[in-house]
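Taken together, the values in this text are just the output of simple stated rules run on the coordinates, not laboratory data. On a predicted model such as this, the values are computed, not experimentally measured, just so you know. Cβ sites come from the backbone with ideal geometry, for glycine too, and all protein chains shown count toward neighbours.
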Amino acid sequence: MANSFDVIILGGGPAGYVGAIRSAQLGMSTALIEKEKLGGVCVNIGCIPTKALLHSAYIASLLREAKEFGVDAGAVKTDYGVAMQRSRKVSDQNSKGVEYLMKKNKVTVVKGTGVLQPGRKVKVGNDVYEAKKAVLIATGSRVKGLPQIGLEINKTTVISSDEALFLEKAPASMAIIGAGAVGMEFANIFHAFGTTVTLIEALPRILPLEDVEVQKAGYRRDRRREGEEGHAGEGQGHLGGRGGRRDAEGRGRDGADGRGSRGEHGEYRPGRMRRAGDRPRLH
Ligand SMILES: Cc1cc2nc3c(=O)[nH]c(=O)nc-3n(C[C@H](O)[C@H](O)[C@H](O)COP(=O)(O)OP(=O)(O)OC[C@H]3O[C@@H](n4cnc5c(N)ncnc54)[C@H](O)[C@@H]3O)c2cc1C
């Protein structure tokens, strides 16, 4: 049967493609089903493009401080659109790299959305693929909203990291909800590109999942910056909108009042959730 494999993997992100390589290395015929681009969130809208943008941000910051080091680089002009386009190229190159790895390891890549069927079968369009040994589900996650505080992503004034990575221009101001690794990265990036960033965190400290030394280093760094505010506190985050803008409110445990913090964009990054809607269901 042409559509029969030892192992079928659903999802071509880091979990899926690495699993596919290992499965093939162990001598099993392997198929990888991916509905978007190979590499998943990490390569296309996660780790890789954010690191490319962070590198641009780092260069901008270095140049601004260059005079201190005896190098006069003149007035520093930044263009987020150019940095964004570069980050897209880096992501595409990496996705092609994953494609190459699939060929090299003789993994069959099937483009499309997989739907689980009874008996270790997966349907993609009109084709049915059967796994002799196992179906591995590696469908990852997607951004989740904050409906409990009235926040829906409208992709214009309220955006998630997915949209932030494709902005053509750095907004004049931005409120970022969530000071975990990703929120901090975006604060760093947009600050370097001239955006006034307000960072709002519900827990008492920024980078709440990291060691206290890392949190302290983050605070020290942030305080050196101009144009970046941070409010860590009790989770009273609320976004309201007026005239196409978003107003963020939050009161910090230390008494800092973030009320009225405004952003042209309110980027909210309160975490991710398992892909529930598009999770492959058993039919
Ligand atoms: C902005 C951002 C920055 C990040 N930075 C880092 C970082 O610096 N370091 C780090 O370690 N992690 C980082 N992460 C987290 C990292 O991206 C994830 O941990 C990682 O992508 C998870 O891999 P995964 O394979 O489980 O899922 P995903 O990468 O989500 O891959 C799942 C894949 O499955 C596909 N899929 C879903 N359903 C189906 C279906 N039914 N049929 C076919 N295909 C399907 C999706 O299209 C997707 O390609 C970051 C995340 C974000 C959002």
In whole Hz, the Karplus estimates of ³J(HN,Hα) for the stretch 157-165 (6.51, -1.76, 1.60; θ = phi - 60°; x where Gly or Pro) are 8, 10, 10, 10, 4, 4, 6, 4, 6
Which lysines, if any, have their Cα less than 25 Å from the Cα of LYS67, not counting same-chain residues under 8 positions apart?
LYS77
So the FRET efficiency between ASP92 and MET28, C-beta based with R0 = 35 Å and rounded to 0.05, is 0.75
Just how far, in whole angstrom, is the stretch 120-196 from the stretch 60-115 if you go by their alpha carbon centroids?
17
Straight-line reach check, LYS155, cutoff 17 Å on alpha carbons, 8 or more apart in-chain or any other chain, hits among lysines -> LYS144, LYS169
Residue separation between LYS111 and GLU65 times 0.36 nm, minus their alpha-carbon distance, gives in nm 11.9 nm
How far, in nm, would the chain grow between GLU168 and LYS133 when pulled straight, counting 0.36 nm per residue and subtracting the alpha carbon separation?
8.0 nm
